[in-house]
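K.L.:
This is the structure I have questions about; it appears just below.
Rule-based calculations on the coordinates, nothing more; no lab input. What you see is a predicted model; the values in this text were computed from it and never measured. A quick note on method: Cβ atoms are made from the backbone with ideal geometry, for glycine too, and the neighbour counts reach across all protein chains shown.
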Amino acid sequence: MAQKLDPWKSSEISDYSKLFEEFGIQPFAEVLDEIPDPHKYMKRGIIFGHRGYEMIADAIKNKKPFVVLDGFMPTGKAHFGHKMVMDQIVWYQKQGGIVVVGMADREAHAVRDLSWEECRQIGVEEYITSLIALGLQPEKTRIYFQSECQPVKDLAFELGTKVNFSEMAAIYGFSGETHLAHMIAVLTQGADILHSQLPMYEGPIPVVVPVGADQDPHIRLTRDIASKMNMFLIERREDSKTGNKYWSVRGKNASEDALKMIDKNIRDGFGGSGAKTKLSKEHIDIFGDISEEELSEIVKNAELAHGGYAFVIPASTYHRFMSGLTGGKMSSSIPDSNIALSEEPKSAVKKIMKAKTGGRESADEQRDLGGEYQKCSVYELYLFHLADDDNELFQVQNDCTSGSILCGECKKKAAGKMEIFLTDLQQKREEAFEKLPMFGIDYVRK
Ligand code: TRP
Ligand code: SF4
């Protein structure tokens, strides 16, 4: 059966490899070697896919500026699934990235029917404080609520000029019953992703959006809209007779002035080479020696000078989801399936002690055959959160498969680590309330 990705149903993804074939997500393994010091989620295959990540790896490696952008829908408790995203954001900050985080209160209000006050409270008390507690620094960080960010709202409207209802229906299954606010929330997410590239923020810049695969429809749509918004399309072409390669810059209802500016700057050798050009009504063909970077720079500047956006098409990564502690998917509607970041450590310990494992029917059998960590939610806790060190993770695997440790003891160890982690995090979350003003968040705790 063909998979459909639905951002609002959190369907379980049965086969991640299909996402490569059916949706054109690229395997993350292809870019892994380009990253100087990859995150454990990358090395462990938890981040399994990407779109357009090459430019981000290049930015990290060569210390060029880039943005990491994410959004959280403030609907309930922040849990360990969200921690996975937050860890990545903090990691990108350490790699030199500019952090931009949106609280998707428009989406929560439109899709989950939460009041603006509830969104604000949950956004700050659950998500923003957790991000800060997990290590986010205020320098080069901007946190905002969608409903309070005028440039995001203006851009969302503008993006609406490039999408029609049929496209929305095809991507999201929207019908005549769908509220308009739901559609506006989709455009707002697109604006979240693109707005850092507005001249009032960073201008055109590589942006990476780390998400679960369920968010890919938004990514595809946004990448598509971004290229539609741009005035020019740069393509490498080949002369059919001579086989010679050349560049083509095509204007999409771009002003003639902008096209002429590009033509002149190329011929004047602006930025280096001085290639030959052929200017037609809607496009320019460029022959001779010019690098793609040089050409992109000239085109970008002409576009910006003529009121265009010159968006760099945003990149994304996709991570697997943890399973729930009760088996099946992790869901906020099944409290025992997940642990909140604000949870009482003792309560978390209880949940782990009850968790579904890959243990055998009897102790004897397990000593004989070993456990199956591949099917174990406690092992997943180690894999995602409790074992930063790869050797420690191998140790858990070995102890499990050799049968030298039984599930009870293994769970107790995990629970002990969790208790320490949460006790420390609780403390940091409390301190985070004091730090809110440093992040530009004005909030009075009730
Ligand atoms: N739709 C996302 C969710 O359901 C939240 C979100 C809003 C988001 N804007 C975003 C995610 C921009 C990534 C980028 O969780
Ligand atoms: Fe899971 Fe540990 Fe039991 Fe293995 S021994 S199945 S890793 S709880």
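K.L.:
Suppose each label sits 7 Å from its Cα in the direction of the beta carbon; what would the K354-K260 distance come out to in nanometres?
P.N.:
Taking the two extended label points, one gets 7.4 nm.
K.L.:
Right, here's the next one. In whole Å, how far is the Cα centre of segment 345-363 from that of segment 410-437?
P.N.:
Distance between centres, Cα-based: 20 Å.
K.L.:
Which whole-number percent gives the relative contact order of segment 121-279, counting Cα pairs below 8 Å spaced six or more residues apart?
P.N.:
14
K.L.:
In nm, to one decimal, how far is the modelled label at D113 from the one at R445, with both set 7 Å along Cα→Cβ?
P.N.:
3.2
K.L.:
Expressed in whole Å with the largest first, what are the equivalent ellipsoid semi-axes of segment 223-301 derived from the C-alpha gyration tensor as the square root of 5 times each eigenvalue?
P.N.:
Three semi-axes, in Å: 19, 15, 12.
K.L.:
Let me check I've understood the local charge: for Q395, count other residues with C-beta under 14 angstrom from its C-beta, Lys and Arg +1, Asp and Glu -1. What total comes out? If you can, show how the numbers build up before the last one.
P.N.:
Values: positive: K413, K417; negative: D388, D389, D390, E392, D399, E409.
Surrounding charge for Q395 is -4.
K.L.:
If I model a spin label at A29 and T401 as a point 7 Å from the Cα along the Cα→Cβ vector, what separation in nanometres do I get?
P.N.:
In this crude label model, A29 to T401 measures out at 1.7 nm.
K.L.:
Using DSSP, restrict attention to beta bridges with both residues in the chain and report what percent are antiparallel, rounded to the nearest 5.
P.N.:
Taking every DSSP beta bridge within the chain, about 55 percent pair in antiparallel fashion.
K.L.:
If the chain between D285 and Q121 were fully stretched, how many nm would it gain, using 0.36 nm times the residue separation less the Cα-Cα distance?
P.N.:
Length gained between D285 and Q121: 53.6 nm.
K.L.:
Which whole-Hz ³J(HN,Hα) couplings does segment 433-446 yield from phi under the Karplus relation 6.51 cos²θ - 1.76 cosθ + 1.60, θ = phi - 60°, glycine and proline marked x?
P.N.:
The phi angles translate into 4, 5, 8, 3, x, 4, 9, x, 9, 9, 8, 10, 6, 7 Hz.
K.L.:
With a ≥ b ≥ c taken as the square roots of the eigenvalues of the C-alpha gyration tensor of segment 8-121, please select rounded if a/c is under 1.5 and otherwise prolate if a/b is larger than b/c or oblate if it is not?
P.N.:
In terms of gyration-tensor shape, oblate.
K.L.:
When the Kirkwood radius is taken over all Cα pairs of the chain, what Stokes-Einstein diffusion coefficient follows at 25 °C and 0.890 mPa s, in µm²/s?
P.N.:
In µm²/s, the coefficient is 102.
K.L.:
Pairs of alpha-carbon atoms within less than 8 angstrom and 6+ residues apart define the contacts here; what relative contact order does the chain have, in percent?
P.N.:
Averaging sequence separation for qualifying contacts and normalising by length gives 17 percent for the chain.
K.L.:
Relative to the present Cα-Cα distance, how much length would full extension add between D268 and L233 at 0.36 nm per residue of separation?
P.N.:
10.5 nm
K.L.:
How large is the Rg to Rh ratio of segment 191-345 when both quantities use alpha carbon positions and Rh follows Kirkwood?
P.N.:
Result for segment 191-345 is an Rg/Rh of 1.20.
K.L.:
Can you give me the C-alpha center-to-center distance between segment 151-172 and segment 97-132, rounded to a whole angstrom?
P.N.:
21
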